[in-house]
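Participant: Submitted below is the structure of interest, expressed as structure tokens.
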Amino acid sequence: MIRQAKASTSSSSRRDLRVGAVQYLNTKPLVHGLAGGGLDVVYDLPSRLADHLRLGQLDIALVPSVEIFRQAGHAIVSNACIACRGPVMSVKLLFRTAPHRVATLAVDEGSRTSAALARILLAERHGVTSPRIDTLPIGATTADTAADAVLLIGDRALGPAAGGGSFQLVWDLGDEWCRWTGLPFVFAVWAARGGSAPPGLSSRLEAARDEGRANLAAIAAAEAGRYGLTVPQCLSYLQDNLHYDLGERELEALRLFRDHAANLGLVPPVPEPTLPLACLR
């Protein structure tokens, strides 16, 4: 269910735009000061936001990047994104056995892009092409699954418990991709149905990103305690492990990710090497 962050205060007869944002710590810099002014911002898991956007329950949403390739008519409408250029810290694949022996993979309920990335890395680097996929529900712990590998994303991947217990090996999937390809990785993008964003919205999303990035210290001070982090740890995560610009290398990385995903049947094959980029038109 979508959790509403702030009720609309617009007195206009035209309804506010319904904007969906991820509820994780990594999204805070993108939505800092975004609510209000004709935007009705709601928060949910990445996977659920993708479904709500597809069903027309949202006008625009920060969705898993893989959904851009799965949903015809979706377009990227901003150069603000969630990406990494090395270790991301909040996307971890935990192994109870050697990677080439993985037969069962439990994936975080909130994940779609990271689930696809885990499948790609296991297939391309270790020949594991068809593990049984189980879902690890929100609220469950790694102890609730006996899967050979467990994917955690977002806030529950940040804590030290995410890498402990009975696991032999932990992959930071951002770092694994970046070292394998030499490219960044893009986890989430702002997307709209119908191929375009309402006038002025792209620039507003980018302005919110810029404001958030200029206030990372304040965001870290306000949020660290909620996630069991010290303020320096939270600030380091936001400013060193994440970046928020969809540039040329990020676009190149998206194309490569799409190609690998298509080879595994995780997204439909694409007849032309372009990306649906309404923000660059």
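Participant: What is the residue count in the range 185-243 for residues that are in contact (Cβ under 8 Å) with a residue 24 or more places away in the chain and acidic (Asp, Glu)?
Facilitator: 3
Participant: Sticking with this one: Specify which of the listed residues (Leu58, Leu62) is within 19 Å of Phe185 (Cα to Cα) and either touching a strand residue (DSSP E or B) at 6+ places or on another chain (Cβ under 9 Å) or touching a residue at least 24 places away in the same chain (Cβ under 8 Å) (or both).
Facilitator: Only one candidate qualifies: Leu62.
Participant: From the list Arg70, Arg101, Arg96, Arg54, exactly one residue is surrounded by fewer than 19 Cβ atoms within 10 Å (Cβ to Cβ), out of contact with any helix residue (DSSP H, G or I) (no Cβ under 6 Å at 6 or more places or on another chain), at pLDDT 95 or above and at negative phi. Which is it?
Facilitator: Sole residue among the options that is surrounded by fewer than 19 Cβ atoms within 10 Å (Cβ to Cβ), out of contact with any helix residue (DSSP H, G or I) (no Cβ under 6 Å at 6 or more places or on another chain), at pLDDT 95 or above and at negative phi: Arg101.
For every residue, the table says whether it meets (1) among the β-branched types (Val, Ile, Thr); (2) in a strand (DSSP E or B).
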position	(1), (2)
Asp40	no, yes
Arg48	no, no
Met89	no, no
Thr129	yes, no
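One line per residue, one yes/no per condition, for (1) of a type in the set (A, V, I, L, M, F, W, C); (2) out of contact with any Leu (no Cβ under 7 Å at 6 or more places or on another chain); (3) over 30 Å from Arg213 (Cα atoms):
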{"position": "Ile76", "(1), (2), (3)": "yes, no, no"}
{"position": "Ala80", "(1), (2), (3)": "yes, no, no"}
{"position": "Gly86", "(1), (2), (3)": "no, yes, no"}
{"position": "Met89", "(1), (2), (3)": "yes, no, no"}
{"position": "Leu93", "(1), (2), (3)": "yes, no, no"}
{"position": "Ala98", "(1), (2), (3)": "yes, yes, yes"}
{"position": "Ala103", "(1), (2), (3)": "yes, yes, yes"}
{"position": "Asp108", "(1), (2), (3)": "no, no, no"}
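Participant: Return the residues of the range 194-217 that are buried (at least 18 other Cβ atoms within 10 Å of the Cβ) and either farther than 20 Å from Gly37 by Cα or under 19 Å from the mean Cα position of the chain (by Cα) (or both); say none if nothing qualifies.
Facilitator: Of everything in the range 194-217, those that are buried (at least 18 other Cβ atoms within 10 Å of the Cβ) and either farther than 20 Å from Gly37 by Cα or under 19 Å from the mean Cα position of the chain (by Cα) (or both) turn out to be Ser202, Leu205, Glu206, Ala208, Arg209, Gly212, Arg213, Leu216.
Participant: Only one residue in Thr104, Thr113, Thr141, Thr145 is among the polar types (S, T, N, Q) and touching a Ser or Thr at 6+ places or on another chain (Cβ under 8 Å), so which one is that?
Facilitator: Thr113
Participant: Name the pairs whose Cβ atoms lie under 8 Å apart, with the first residue in the range 136-153 and farther than 19 Å from Ala116 by Cβ and without any contact (Cβ under 8 Å) to a residue 60 or more places away in the chain, the second surrounded by 13 or more Cβ atoms within 10 Å (Cβ to Cβ) and among the hydroxyl-bearing types (Ser, Thr, Tyr), and 6 or more positions between them or separate chains?
Facilitator: Ala146/Thr104
One line per residue, one yes/no per condition, for (1) surrounded by 15 or more Cβ atoms within 10 Å (Cβ to Cβ); (2) over 30 Å from Ala123 (Cβ atoms); (3) among the acidic types (Asp, Glu):
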| residue | (1), (2), (3) |
| --- | --- |
| Ala224 | yes, yes, no |
| Cys234 | yes, yes, no |
| Tyr237 | yes, no, no |
| His243 | yes, no, no |
| Ala253 | yes, no, no |
| Asp259 | yes, no, yes |
| Ala262 | no, no, no |
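Participant: Checking the structure you have, find out if any residue of the range 71-80 is touching a Lys or Arg at 6+ places or on another chain (Cβ under 9 Å), part of a strand (DSSP E or B) and of a type in the set (A, V, I, L, M).
Facilitator: There is at least one residue in the range 71-80 that is touching a Lys or Arg at 6+ places or on another chain (Cβ under 9 Å), part of a strand (DSSP E or B) and of a type in the set (A, V, I, L, M).
Rundown of residues vs (1) among the β-branched types (Val, Ile, Thr); (2) at pLDDT below 95; (3) in a loop (DSSP other than H, G, I, E, B); (4) closer than 26 Å to Ala61 by Cα, yes/no style:
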{"residue": "Val150", "(1), (2), (3), (4)": "yes, no, no, no"}
{"residue": "Asp155", "(1), (2), (3), (4)": "no, yes, no, yes"}
{"residue": "Gly165", "(1), (2), (3), (4)": "no, yes, yes, no"}
{"residue": "Ser202", "(1), (2), (3), (4)": "no, yes, no, yes"}
{"residue": "Ala217", "(1), (2), (3), (4)": "no, no, no, yes"}
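Participant: Could you count how many residues in the range 104-124 are out of contact with any helix residue (DSSP H, G or I) (no Cβ under 7 Å at 6 or more places or on another chain) and either within 14 Å of Trp171 (Cα to Cα) or assigned to a helix (DSSP H, G or I) (or both)?
Facilitator: 4
Participant: Going through the range 104-131 one residue at a time, which ones are surrounded by 20 or more Cβ atoms within 10 Å (Cβ to Cβ), in contact with a Pro (Cβ under 6 Å, 6 or more places away or on another chain) and under 30 Å from Val19 (Cα atoms)?
Facilitator: Gly110, Arg112, Thr113
Participant: Restricting attention to the range 67-90, which residues are under 18 Å from Ala21 (Cα atoms) and of a type in the set (Val, Ile, Thr)?
Facilitator: Within the range 67-90, Ile68, Ile76, Val77, Ile82 meet the criteria.
The values are calculated or read from the model by the stated rules, or taken from the named source; none is laboratory data. Keep in mind it's a predicted model, so treat the numbers as computed, not measured. Cβ atoms come from the backbone with ideal geometry, glycine included; neighbour counts cover every protein chain shown.
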